[in-house]
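Everything below concerns the one structure shown next.
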């Protein structure tokens, strides 16, 4: 994605949209939906088996399903973006700051649209409510971990982190993209172990949503226009701040 010559990139757009549509199509089509279901069931039992007997592991994974852990993941994402803005050699600081703002706005907007509009009335019970026998983390200790949902599709955490990885990879490059991917795995895995989400909630719902929505910004003139506009605004604000500092009398 370039700022100097904003343009449409039909190749990456088509590839990303095709991958996202393929995920949703195979998930919904009668001929392949059963295969996804088999994968879902096997993955749910295998991951939940990690907490079937060991109390220490139950405590660790319960912590991963608390609101406080979500805040830690959010801080890790924020810290990665701050590092990119302050330390990365790519582009200028105003451009990197503008890209960070665009990422934050898109994350909030996308989650609001998917969870509150598109999938707000889609009932979808999580594995912990469907499969037996199943270890419920909330019943193993007093941490009150989230281990169930009646509207598990798409995975809200997966939608956020998949979008974050895609955007950061496009804006900041592979180095930051790989770190973001690591954060994404850490963010999503506890919900899968607890049975609050099916694997397809994340792979199809979260990743598929990112594959369809993000290219409409990063591979079209929309993204470069947004970043360039914000970067220019930051430059002007920085210039005014410098002028004000130079006029302030020193003591």
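Please treat every number below as a calculation from the coordinates, not as lab data. Quick caveat: nothing in here was measured; it's all calculated off a predicted structure. When we count neighbours, we look across all protein chains shown, and the Cβ atoms used for this are built from the backbone with ideal geometry, even at glycine.
Would segment 46-66 turn up any residue that is in contact with a helix residue (DSSP H, G or I) (Cβ under 6 Å, 6 or more places away or on another chain), surrounded by 12 or more Cβ atoms within 10 Å (Cβ to Cβ) and outside any helix (DSSP H, G or I)?
yes
Within segment 18-30, can one find any residue that is under 21 Å from residue 136 (Cβ atoms) and part of a helix (DSSP H, G or I)? Spell out how you get there, then give the answer.
Of the residues in segment 18-30, the ones under 21 Å from residue 136 (Cβ atoms) are none.
No, segment 18-30 has no match at all.
Considering only segment 93-114, I want to know if a residue exists there that is assigned to a loop (DSSP other than H, G, I, E, B) and in contact with a helix residue (DSSP H, G or I) (Cβ under 9 Å, 6 or more places away or on another chain). Walk me through how you get there before you give the answer.
Within segment 93-114, the subset assigned to a loop (DSSP other than H, G, I, E, B) is none.
No, there is no match, as no residue in segment 93-114 is assigned to a loop (DSSP other than H, G, I, E, B) and in contact with a helix residue (DSSP H, G or I) (Cβ under 9 Å, 6 or more places away or on another chain).
State all residues of segment 115-129 that are assigned to a helix (DSSP H, G or I) and out of contact with any helix residue (DSSP H, G or I) (no Cβ under 9 Å at 6 or more places or on another chain); if no residue qualifies, say none.
Of the residues in segment 115-129, the ones assigned to a helix (DSSP H, G or I) are 115-118, 127-129.
Selection gives 116, 117, 129.
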